[in-house]
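The values are calculated or read from the model by the stated rules, or taken from the named source; none is laboratory data. Note that the coordinates shown come from a computational prediction; the quantities given were computed from them, not determined experimentally. No Cβ is skipped: glycine too gets one built from the backbone with ideal geometry, and neighbour counts run over all protein chains shown.
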């Protein structure tokens with residue numbers, strides 16, 4: 001808990017103004033203050049904000065404004081990464097929601113019971129950008145022209161997995177070649193990454209070694225980005241204690257003492273092999289074996 | 001294995017609905033009376049600042065305490081506690097997952113939670129909340145189990161399932177089911193250390209009272225000392241305008257805005273028989289003479 005110490009001077013909130021409207025003449029003809037006047041606040045801190053005449057200042061709704069002593073403070077949050085979660089199956093709610101709650105977001109609502117997975121889909125952005133022409137060779141034909149140039153055949157599937165995916169040229173004209181890489185064979189127009197390599201436009205850059213590099217200018221276009229049915233699913237996430245703070249999935253390496261949470265079988269056997277005397281049982285790692 | 005975690009400190013953008021506030025007052029530091037904490041409504045006194053570039057977006061971290069002068073307008077010391085809001089409920093059950101029998105957890109009934117707070121118990125929303133425990137036996141002098149807490153690491157709606165244990169016994173385990181109003185929460189620590197496999201940490205008992213608290217910000221205690229004088233007011237006496245009325249002996253000190261700050265009567269005390277002056281007196285005057293307005297006096 002943070003401790004903050006502040007000091008405020010009440011004088012800054014004390015009324016020192018005496019409106020003319022509270023001045024009256026007494027029986028001797030002397031000007032005095034009518035202390036019974038509702039507009040008289042001299043020397044006090046009013047509960048509501050007043051103007052110089054001692055009248056209440058009203059807000060847009062005609063209500064009196066509470067007089068406050070304002071103090072700024074800064075709140076912070078300390079946080080640590082909990083690490084990876086474990087997905088578990090669950091039974092969805094039988095009554096599914098048909099419309100999203102207002103301003104639905106997964107953090108506020110969590111995995112909202114009854115919310116179908118498409119509530120979590122995001123609008124599909126079209127990602128575009130520039131790249132080099134290195135992927136052009138992936139869609140060329142094995143044949144060469146009589147002049148030895150590469151040939152690009154429209155709709156020729158050059159994918160390594162032609163049964164399911166399509167990689168190939170969609171369009172070629174005098175200026176450009178339009179081609180797709182790894183599109184779904186049954187939905188070529190809406191899947192995969194589309195590239196357009198311009199035949200007569202070149203880009204000059206300097207590579208990591210300071211050398212000039214020239215390639216045909218190429219633009220790419222990705223259609224199915226964002227969260228959608230291909231990369232989103234709903235699961236009940238639970239936290240296994242041994243994965244607390246583990247931010248990547250554990251990968252098996254050749255280290256036998258790898259810590260897998262509650263059971264370090266190899267480590268215990270190895271430690272036992274070091275025990276030669278009964279004293280070792282007591283002293284080894286502060287009595288680790290004995291306990 | 002690539003392991004590791006990261007930590008950081010970020011400006012809190014907690015909603016005032018997730019905040020609790022209390023204050024206490026003492027006229028001086030030497031007060032011997034017990035501290036009496038009085039609740040404050042955060043929605044009335046705590047205002048988050050908005051991003052100047054986008055007025056509908058919370059700035060983060062910066063909040064303004066608007067302390068009403070009706071409460072905080074007295075000289076003395078005010079201690080203000082700002083802490084995450086607490087939710088009190090009872091543990092419905094303590095059990096394991098039917099598919100992961102080594103995953104232990106505590107179960108809450110959403111219907112026992114106040115309506116406005118039930119959304120906090122939706123799947124995954126309690127992650128990071130802290131659970132503190134109340135004693136099961138009453139009349140022990142202290143209802144809370146001190147220095148014991150657990151952190152909720154996951155929560156999902158779950159349904160109890162009976163699993164046969166043989167010998168006419170059956171136990172209950174839980175399976176995730178969004179149709180349920182029970183919420184299964186895993187907490188940390190809840191598993192045994194490798195050197196003592198049977199030393200399973202306490203995570204609570206069924207029907208035990210608990211306090212569930214969000215961890216959206218670090219609690220803060222402000223000590224605000226309300227004073228009547230500071231450098232500015234002392235400077236009035238030294239540097240501001242003053243008048244001394246020779247007719248009635250009223251000595252007036254003005255603030256830097258030429259408003260009457262203090263008035264005094266100046267007079268001499270003389271021996272009643274000989275007329276010999278004995279004392280010169282400056283006595284504070286509490287009934288202000290409004291005719292000593294500085295602008296009126298100097299406007300000639």
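What to note about this one:
- Check on residue A:17, over 29 Å from residue B:42 (Cβ atoms) and within 8 Å of chain B (Cβ to nearest Cβ): yes
- The requirement of being over 28 Å from residue A:73 (Cβ atoms), more than 8 Å from chain B (Cβ to nearest Cβ) and either under 50 Å from the mean Cα position of the chain (by Cα) or touching a residue at least 24 places away in the same chain (Cβ under 8 Å) (or both) is satisfied by residue A:54.
- Qualifying residue in segment A:265-272 (condition: assigned to a loop (DSSP other than H, G, I, E, B), at pLDDT below 75 and within 12 Å of chain B (Cβ to nearest Cβ)): no
- Against the test of being more than 7 Å from chain B (Cβ to nearest Cβ) and surrounded by fewer than 13 Cβ atoms within 10 Å (Cβ to Cβ), the options A:64, A:30 yield a single qualifying residue, A:30.
- Segment A:1-14: number of residues that are in contact with a helix residue (DSSP H, G or I) (Cβ under 9 Å, 6 or more places away or on another chain) and more than 7 Å from chain B (Cβ to nearest Cβ): 1
- Residue check for residue B:233: touching a strand residue (DSSP E or B) at 6+ places or on another chain (Cβ under 9 Å) and touching a residue at least 60 places away in the same chain (Cβ under 8 Å): no
- Test: residue in segment B:241-250 that is buried (at least 18 other Cβ atoms within 10 Å of the Cβ), over 28 Å from residue B:29 (Cβ atoms) and either more than 13 Å from chain A (Cβ to nearest Cβ) or modelled with pLDDT under 95 (or both): no
- Elements of type strands (runs of 3 or more DSSP E) in segment B:7-119, at least 3 residues being in contact with a strand residue (DSSP E or B) (Cβ under 8 Å, 6 or more places away or on another chain) and within 30 Å of residue A:11 (Cα to Cα): B:19-26, B:38-40, B:46-51, B:54-68, B:76-84
- Segment B:109-136: number of residues that are over 23 Å from the mean Cα position of the chain (by Cα) and more than 14 Å from chain A (Cβ to nearest Cβ): 4
- So residue A:203, is it surrounded by 15 or more Cβ atoms within 10 Å (Cβ to Cβ) and in contact with a helix residue (DSSP H, G or I) (Cβ under 9 Å, 6 or more places away or on another chain): no
- Sole residue being under 30 Å from residue A:19 (Cα atoms), at pLDDT below 95 and part of a helix (DSSP H, G or I), chosen from B:288, B:297: B:297
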